[in-house]
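To start, the structure itself, in structure tokens.
Here, each number is a calculation from the coordinates, and none is a lab measurement. Since we're looking at a predicted model, the values are computed, not measured. When we count neighbours, we look across all protein chains shown, and the Cβ atoms used for this are built from the backbone with ideal geometry, even at glycine.
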Amino acid sequence: MSSTASETVTAKPARKLPAAIRISDAAATRINDVVAKSTKPVLGVRVSVAAKGCSGQSYVVEYAEEQRKFEDVVEHNGAKVFIDPKAVMYLLGSLLDYRESKMESGFVFENPNEKGRCGCGESFSV
């Protein structure tokens with residue numbers, strides 16, 4: 001090839017990375033319900049991980065009034081989940097679900113990164 005020949009370079013389309021977490025239909029329904037019933041304007045819920053509990057880490061789900069810098073946003077069926085950037089490494093591959101029974105109700109994380117969980121289920125280790 002001579003130095004005067006021109007080459008056409010075709011850029012490959014950017015590969016879309018999978019979302020940090022998945023949201024079940026039940027969790028999306030519950031998120032939409034709590035957002036609709038909020039007494040203040042909220043965009044969705046925020047998921048983070050706090051250092052607490054007997055196993056070391058605990059999931060935190062709270063209202064998200066705004067999107068913070070570097071947060072991932074995952075949407076499913078109109079529900080928005082904002083993921084704290086410090087929590088992403090703990091949550092990769094997780095499913096956020098919502099379960100309700102006669103004895104309890106709440107958000108549940110099915111997290112493939114968990115190595116252990118305390119007896120009461122309030123904290124986990126990775």
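Some points to look at:
- Filter pass, Val35 being buried (at least 17 other Cβ atoms within 10 Å of the Cβ) and touching a helix residue (DSSP H, G or I) at 6+ places or on another chain (Cβ under 6 Å): no
- Restricting region 88-98 to residues that are over 17 Å from Asn77 (Cβ atoms) and not aliphatic (A, V, I, L, M) leaves a set whose member that is nearest to the chain's Cα centre (by Cα) is Ser94.
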